[in-house]
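The values are calculated or read from the model by the stated rules, or taken from the named source; none is laboratory data. Not measured: the values here are computed from a predicted model. Positions of Cβ are backbone-derived with ideal geometry, glycine not excepted, and every protein chain shown enters the neighbour counts.
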């Protein structure tokens, strides 16, 4: 079984290992691409995280995550912009392919999702010059509509690409099958993303039936209903050649298993069903 | 507090009352529009349900529900079509404004959502002549994408309206704020629905943050983040003059409270926040 084209988003094993342990485990399993989260980097320090990644020749398929632009007031919105600039710096220090952005939902007390969307567009425009100066592509991740209120008010690939068109170059999308598998016109939108060189990352996992928790019940590839090979073909046909990155939040199942079992299973499923 | 323009979907009090009891309770609270479910009608019998509704002069803002077209084989698909024709007959016997359709998700073992969508279109085309013969409008209800796998593969108002355009006259949509509040371009799509006289029903409830269950944790109006007056204005501006129909599935909260308290709260919130 091969591991070429496989990346592990380190959230998948966040309950088992810190960044150093997770990297060592990935290397044991011949996995040479990872995607760390900011808290995982912070807990061992940015310099040490960068050293571990470079000394092991790892590819960083994305740095998770910036975004979260909407806030209750102007001070909060500026703080989000400043924090995103720091995230860009960290992503650059790690040599990441892109900074993944989960844009944020409704600010506290608000019911105006269109206002939140305008705040997101403004926040992105505000950080884009810094991203360009750091040569760090911004990868907007449209999130499933069930997160529209509390995590991301950008909820379809079509909407994310409209936003990219508004912003110009150096911004693209993270296509996570969990969020977009249901989207009407998905094939068309993936092709559109490819034509404009907007595909920056490809996340995989599966949608379980039933899904028992809105956030922490993602499935291992093959255990759900997503047509993973079908979407993979669309993404490859659109010109994206990067790894498929496994990102599974699973409080009751995969986070409770030994990390090596999780990685073994990721590799098996990557070879058999993706 | 008034109850003009308020309808109660009887799922909202399904754990408290049968159809007869629910109707009596609605009348006690001066509510003269309801929307019953097929199982509620079946449990007292169609003739008796129709008698109760007519003798009390109730408006039936929708009959819930037909749909569920995808199936594992041709026999299953034909059975669904036949069952939908019976649902049309029942809706006509009850004098309903429309038959609400939840179209169905992936058939067992399938990961092909586009095939499911084609089955839905075929099923609708197959029942439409019977609906026309019975003068019973079909009200497609786009369901939130979190139900794409197991309940409905029609997940946006835009997609539902495309399907309506394909089918022609006598088919329209149920706009349930719970399912579409997050939809990018919602105002545009509601206006489009109005232009083509496609709005057949308007369901209300609220999206709670956090939402603890994908199916049975809908909120009372005002307890969540949906801009109910904003969407109501869009729908009224688009020309729909029917009642707002309260439909709340709430296993841990509203289904556990006395039915009269639920109805009182519906009326209060209808007057204060909708």
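Some notes on this structure:
- Verdict on residue A:80 being buried (at least 24 other Cβ atoms within 10 Å of the Cβ) and touching a strand residue (DSSP E or B) at 6+ places or on another chain (Cβ under 8 Å): no
- Count - residues of region A:142-163 that are touching a helix residue (DSSP H, G or I) at 6+ places or on another chain (Cβ under 7 Å) and closer than 21 Å to residue A:81 by Cβ: 5
- Evaluated against (1) free of Cβ contacts under 8 Å to residues at least 40 places away in the same chain; (2) within 10 Å of chain B (Cβ to nearest Cβ), residue A:107 falls short on exactly one condition, (2).
- If you go through region B:39-77 and keep only what is touching a strand residue (DSSP E or B) at 6+ places or on another chain (Cβ under 7 Å) and closer than 30 Å to residue B:153 by Cβ, you end up with B:60, B:61, B:62, B:63, B:64, B:65, B:66, B:67, B:68, B:69, B:70.
- Restricting region B:116-161 to residues that are part of a helix (DSSP H, G or I) and within 10 Å of chain A (Cβ to nearest Cβ), the residue that is surrounded by the most Cβ atoms within 10 Å (Cβ to Cβ) is B:160.
- Residue within region A:221-228 that is away from chain B (no Cβ under 14 Å) and touching a residue at least 40 places away in the same chain (Cβ under 8 Å) present: no
- Filtered residues of region B:180-214 (kept if in contact with a helix residue (DSSP H, G or I) (Cβ under 8 Å, 6 or more places away or on another chain) and facing chain A (nearest Cβ under 10 Å)): B:180, B:181, B:182, B:183, B:184, B:185, B:186, B:187, B:206, B:207, B:211, B:214
- Scan of region B:229-241 for residues that are more than 8 Å from chain A (Cβ to nearest Cβ) and assigned to a helix (DSSP H, G or I), ordered by number: B:229, B:231, B:232, B:233, B:234, B:235, B:236, B:237
- Residue A:213 meets the conditions (1) under 18 Å from the mean Cα position of the chain (by Cα); (2) closer than 30 Å to residue B:209 by Cβ in every case but one. The failed one is (1).
- Yes/no for residue A:208 being within 21 Å of residue A:149 (Cβ to Cβ) and surrounded by fewer than 23 Cβ atoms within 10 Å (Cβ to Cβ): no
- Just one of the listed residues (B:235, B:248) is modelled with pLDDT of 95 or more and under 22 Å from residue A:211 (Cβ atoms), and it is B:248.
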